[in-house]
1. Relative to the compact globular guide of 2.2 N^0.38 Å, what is the alpha carbon radius of gyration of the range A:48-133, as a ratio?
2. With +1 on each Lys and Arg Cβ and -1 on each Asp and Glu Cβ, and nothing else charged, work out how big the dipole of the range B:22-62 is about its Cα centre, in Debye to the nearest 20.
3. I'd like the trypsin sites (Lys or Arg not before Pro) in the range A:15-119 restricted to DSSP loop residues with at most 15 other Cβ atoms within 10 Å, sorted by number.
4. Just in the range B:7-94: which trypsin sites (Lys or Arg not before Pro) are loop by DSSP and have at most 16 other Cβ atoms within 10 Å?
5. Hey, if you put +1 on the Cβ of every Lys and Arg and -1 on every Asp and Glu Cβ in the range A:1-130, which of A:Gly77, A:Tyr24, A:Val48 ends up farthest toward the positive end of that dipole?
6. How many angstrom lie between the C-alpha centres of the range B:25-94 and the range A:69-132?
7. Would you mind computing Rg(Cα) / (2.2 N^0.38 Å) for the range B:17-94, counting N as its residues?
8. Counting only C-alpha contacts under 8 Å and six or more residues apart, can you give the relative contact order of chain B as a whole percent?
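Since every read-out is calculated from the coordinates, none of them should be taken as a lab result. Everything numeric in this text was worked out from a predicted model, so none of it was measured. Using ideal geometry, Cβ is built from the backbone for each residue, glycine included, and neighbour counts are taken over all protein chains shown.
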Amino acid sequence: MIERTLPRRIDALETLFETIGAFYDAERLDRDAAFNVELVAEELFTNVVRHGHGSGDIGVRLEREGAGVALSLVEHGTDAFDPRTVPAPDPDLPLEQRRGGGMGLHIVRQLAELRYHHHERTGTLTAVVPLES
Amino acid sequence: MFEIAIDGNSRATLTGRLDASQADRAMESMSALTGDAVVDCAGLDYISSAGLGVIVETYKRLARAQGSLRLVRVTPRVRNVFALANLDRVLTIE
């Protein structure tokens with residue numbers, strides 16, 4: 001398992017990707033097979049930075065879970081917000097009518113199983129991404 | 001690392017990783033594309049929804065001006081991200 005605390009900024013993505021790389025190295029996993037974990041991590045992290053209601057840094061935890069990698073983001077000082085309740089965008093909508101928002105979560109939900117836990121104003125969002133071969 | 005090069009024939013070449021931290025810069029560079037534009041994605045290793053947003057907004061801008069956008073030499077991994085976002089059916093991806 002590996003844990004880090006990242007600043008609530010988009011430019012912390014580089015550190016997030018470095019953390020994933022360090023986890024893959026520590027677990028002797030092929031870094032080239034980290035694409036989906038990186039994608040899920042970026043989408044969820046940027047969602048928290050842009051739309052999260054908490055304050056302060058964001059905790060990141062990576063661990064093996066079954067045949068997958070569990071990525072958790074921990075946000076303090078926040079009301080409960082379960083991203084699983086966000087409706088999926090209409091895939092048949094013409095491009096002209098599509099908004100950028102919502103696309104990231106739609107991608108995440110196809111790649112990972114999501115869990116959300118909220119306790120004493122701390123929200124923990126966990127995404128379990130199957131290991132790529 | 002992310003690099004974007006635009007040539008005089010309205011062709012953009014993307015290299016590296018187009019994530020949310022690079023999207024604003026990419027959008028600014030892509031604003032130089034006009035008419036029937038081509039985006040070469042052979043060197044694009046990674047794209048997220050923020051990068052897809054840059055492509056979609058550029059596509060819309062060109063379409064409004066009767067132009068077009070074609071993505072060429074897209075790697076399977078990057079193509080899969082377009083598919084996950086249901087964009088592979090509405091964009092021209094080669």
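1. Details: Rg = 14.5 Å, N = 86, 2.2 N^0.38 = 12.0 Å.
For the range A:48-133, the normalised Cα radius of gyration comes out at 1.21.
2. Numbers: 3 positive and 6 negative charges, 26 e Å.
The dipole of the range B:22-62 has a size of about 120 debye.
3. On the way: sites: A:Arg28, A:Arg31, A:Arg50, A:Arg61, A:Arg64, A:Arg84, A:Arg98, A:Arg99, A:Arg109, A:Arg115; in loops: A:Arg28, A:Arg98, A:Arg99.
Within the range A:15-119, the qualifying trypsin sites (Lys or Arg not before Pro) (loop, at most 15 other Cβ atoms within 10 Å) are A:Arg28, A:Arg99.
4. Hits after loop and neighbour filter: B:Arg73, B:Arg89.
5. Value: A:Gly77.
6. So the separation of the two Cα centres works out to 24 Å.
7. Values: Rg = 11.5 Å, N = 78, 2.2 N^0.38 = 11.5 Å.
Dividing the Cα Rg of the range B:17-94 by 2.2 N^0.38 Å gives 1.00.
8. 27
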